[in-house]
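Report on the following structure.
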Amino acid sequence: MEASWRQVAGGRGRARGRATAAPSSGNGIHLRGAGGGREKGSVGAGGPGCNPGGAATAAAAAELISQRKFEEIKKANQAAAKKLVEERFSSSSEEEGDEDFEGKRGEIVANTFITYTTQTDGDTCELERTKQYVNEAFQAGAMTCLICIASVKRNQAVWSCSGCFCIFHMPCIQKWAKDSQFLVSSLTDDDFGKKDYPWPCPKCRFEYKRSDTPNRYYCYCGKVEDPPLDPWLVPHSCGQVCEREFKPPCGHKCLLLCHPGPCPPCPKMVTTTCYCKKAKPIPRRCSAKKWSCQLPCGRKLLCGQHKCENPCHAGSCPPCPRVSRQKCVCGKKVAERSCASPLWHCDRVCGKTLPCGNHTCEQVCHVGACGECPRSGKRSCPCQKSKFSLPCTEDVPTCGDSCDKLLECGIHRCSQRCHRGPCETCRQEVEKHCRCGKHTKRMPCHKPYLCETKCVKMRDCQKHQCRRKCCPGNCPPCDQNCGRTLGCRNHKCPSVCHRGSCYPCPETVDVKCNCGSTKVTVPCGRERTTRPPKCKEQCSRPPTCHHTSQEKHRCHFGSCPPCHQPCQKVLEKCGHLCPAPCHDQALIKQTGRHQPTGPWEQPSEPAFIQTALPCPPCQVPIPMQCLGKHETSLLPCHAAGPYSCKRLCGRTLDCQNHTCMKECHKVTEIDTSTGKNKAGPECLQCEEGCSKSRPAGCPHPCVLPCHPGECPPCVQMLRIKCHCKITSLYVECRKITTADVNEKNLLSCCKNQCPKELPCGHRCKEMCHPGDCPFNCNQKVKLRCPCKRIKKELQCNKVRENQISIECDTTCKEMKRKASAIKEAEAKAALEEEKRRQQAELEAFENRLKGRRKKNRKRDEVAVQLTLWQKYKYYLLPMCAVAVLVFAWYIAHDVD
């Protein structure tokens, strides 16, 4: 039937296929089907013998089959395109199973530490370091072999260093140990490979013996060989209790399950006392059983005189810190020295007379006897050939024989006669070889001979020549830097040039997630192949749509998934909220592209584009900040934008003392680290003077304009009064403001005599000073008796202290008696006069009551006017009494 269709329809069948397929594939989906292949395979299948009567039926059947195939292929390609788009714009697929994995890992870690936490009542503060190693064992790429810079997998045999707990592949560490021993023995061992040389850890350089080279794969605690792979245990762990000895050893064993890294501190409780054994024993953790009671130690020091005054401490007491006067060993000098070193030697020569009686001891400050005279007994001549027995007072003579001492050259002997002093330099000419042995030259024996030939031997690094002139063959080690690129491909070897492989790069690199909050530390060089860690934090990227926040999803690389939140924009005509999902990044079908003629054409890529569908102007109130970020106001969504709130800017200017007084304006944030309230270039510039408070006592303003920080010291001259307030002094202001009380007193002193009066009335004899004057007046004053008749000259301070008093004599008493009699008479007369005045007033009052005329009343008032004596008698009487006393005193003074 297909051949009949091909024969009858010919070109029409092909045209009809295109016409049918064109409308169905206009959506831009690139189709891939089998229809085209079938047509190609059937070309020429029909022949002239086909039945032309079934042409219509064959054409209809072929069209129906083609249409059905086209629809199937279309649906399959649409599903593939949809899946491609979802995978491209979604990161949720990367996080599938993370929660299950984290829960499983947390359960494994908890089981590892459960035996420890039961001893510590759940306290895990001392497990942090061990936890880090356990967590790194679970993280992909965290455990890296520093030798090959490759990840350590669960199913690989490993070896852990007991010093730094770094993990290496078993083949790598075996090769490293073998190469290290070979290199050391080849350079230092004459019997190559026979001595037991150690090999170091590639990371911490901890040395291991040759017998410690690992040859079997054990778990971390060393109990199980070839531990099986168990997903519910820590990788490379046997799952049994560790039971390794704690370091430092305390008698207890580790309680954790077999684990990587160091064992935590011992959690057992023990009863122990302090270092000095004075305090009562208390229960403490075994890892912190050594403690101090902070009481004075009290142990006797090595000096044997004093006791240790330090608080309770571990170990031996320090040397005695006190100083005492101590004699030297010879007893001639006494000096103050540390009590901890009582034995010392002075610099004096002993000077004691030796047993010979002719010489003195020339030793410096020694202990014990001086010994015999060094010139006593038999002595040899300078050449040591003859011996003489002479008194110690005589010098040994020369023997006259030849000296024959070996000269400095070590070959020839001295040809002079026996002499005192050193022998002369060897001057014989000999044939000398240079140090390297390549050249000879005739020259004086005492001169060395070095040729100019440079050594061409290779140094121990086997890379550089010696290049030392006249080298004897013992070439020094190479002093150049290695400089070879390490396995990390980022750094070069910093060691001195050497043979063999370089040590691994000691640097580490942090591989971070997209937001940087989660990281994994890997050796340098592994950052390019290590997969970034999966972060549990929420994605903090700003939304790409109009929403204020994205839908919650975890930190990821690549673009964020499309927003599925409601648009919530107000439509312009109806005023309702937009019910459609967020359409700022909607996927729409691309129009205007080439339309495929059928499913046999190869597609290029999905014909979907991301674009923002328009919405009518939105009137929903949107909170917006003003230009100066003073307030947030609600503005219509379509008119939302920065605005001025008409307030003062208020940002701190560069002077840090004033704020910007401009109206709310845009501010460019130059450096956000200095603070959000920092003024920008658009703010005003401070033009005021410095208004900072001056130091106490400084009346001058700051000479600088308004500025940040402290003001410079004031150098203006300040006029001050001295302590006596008479002389004006000129002093630099900064000296006054920075001076203490004593310095201020010195600066305010005019060096003149104090003009103040003492309480006694005399002038102070001290130099200008602050405060009250000292009361030590020695000036002569006149002292009188109580009646002022007797007078004597005495020292003022004694008079003020009431140490001396003058009593009245009989004459004074007689004068007092007479004065008192006069006073009594005057008082009696005054009393009588007062009675008369009162009687006159009484009479005048009675006349007024009888109704006399005004004239009579005035006459009565005039009649009672007082006389001058009545008015002023109270003033005249005391004055008269004083005059009488003065007169009597003068009379008595003249009589004396």
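Using only Cα atoms, locate the centre of segment 462-528 and the centre of segment 721-760, then give the distance between them in Å, rounded to an integer.
Each part's Cα centre sits 73 Å from the other's.
Report the relative contact order of segment 326-483, percent, no decimals, based on alpha-carbon pairs under 8 angstrom and at least 6 residues apart.
It comes to 10 percent, rounded to a whole number.
Which of the lysines could be linked to Lys278 by a straight reach, that is with a Cα gap under 16 Å, when you skip same-chain ones fewer than 8 residues away?
Of all the lysines, those that pass the test against Lys278 - Cα under 16 Å, at least 8 places apart if same chain - are Lys289, Lys290, Lys300, Lys307.
Largest first, what is the accessible-area ranking of Ser338, Ser805 with a 1.4 Å probe?
The ordering from most to least exposed comes out as Ser805, Ser338.
Grab the Cα-Cα distance for His464 and Arg68, subtract it from 0.36 nm times how many residues apart they are, and report the gain in nm with one decimal.
Extra length available between His464 and Arg68 comes to 134.5 nm.
With the cut-off at 26 Å, tell me which of the pairs Lys788/Lys823; Lys131/Lys247; Lys569/Lys666; Lys223/Lys536; Lys552/Lys629; Lys209/Lys247 have Cα atoms farther apart than that.
Flagged as over cut-off: Lys569/Lys666; Lys223/Lys536; Lys552/Lys629.
Over the heavy atoms of His546, what accessible area does a 1.4 Å probe trace out, to the nearest 10 Å²?
70 Å²
To the nearest 20 Debye, how big is the dipole of segment 199-264 about its Cα centre, given +1 on the beta carbon of each Lys and Arg and -1 on that of each Asp and Glu?
300 debye
Using only alpha carbon pairs under 8 Å that are at least six residues apart, calculate the relative contact order of segment 426-502 and give it in whole percent.
21 percent
Kindly report, to the nearest 10 Å², the accessible surface of Tyr449 as traced by a 1.4 Å probe over protein heavy atoms only.
It works out to around 40 Å².
With every protein chain present, what accessible area does Lys536 have (1.4 Å probe, heavy atoms only), rounded to the nearest 10 Å²?
Near enough 120 Å² of accessible area.
Leaving ligands, DNA and RNA out of it, rank Arg719, Arg322 by accessible area with a 1.4 Å probe, largest first.
Arg719, Arg322
For Glu207, Glu766, write out the residues from largest to smallest accessible area, computed with a 1.4 angstrom probe and no ligands counted.
Glu207, Glu766
Using modelled backbone amide H atoms (1.01 Å from N, in-plane), which distant-in-sequence or interchain residues come within less than 5 Å of Arg789's amide H?
Close amide H contacts, sequence-distant or interchain: none at all.
Students often get this wrong, so check it: of Lys385/Lys405; Lys735/Lys756; Lys463/Lys492, which have C-alpha atoms separated by over 20 Å?
Lys735/Lys756
The values are calculated or read from the model by the stated rules, or taken from the named source; none is laboratory data. Not measured: the values here are computed from a predicted model. Cβ coordinates were reconstructed from backbone atoms using ideal geometry, including for glycine residues, and neighbour counts include every protein chain displayed. Keep in mind that these areas ignore ligands, DNA and RNA; they rest on the heavy atoms of the full protein, side chains included. Shrake-Rupley method; radii C 1.70, N 1.55, O 1.52, S 1.80 Å.
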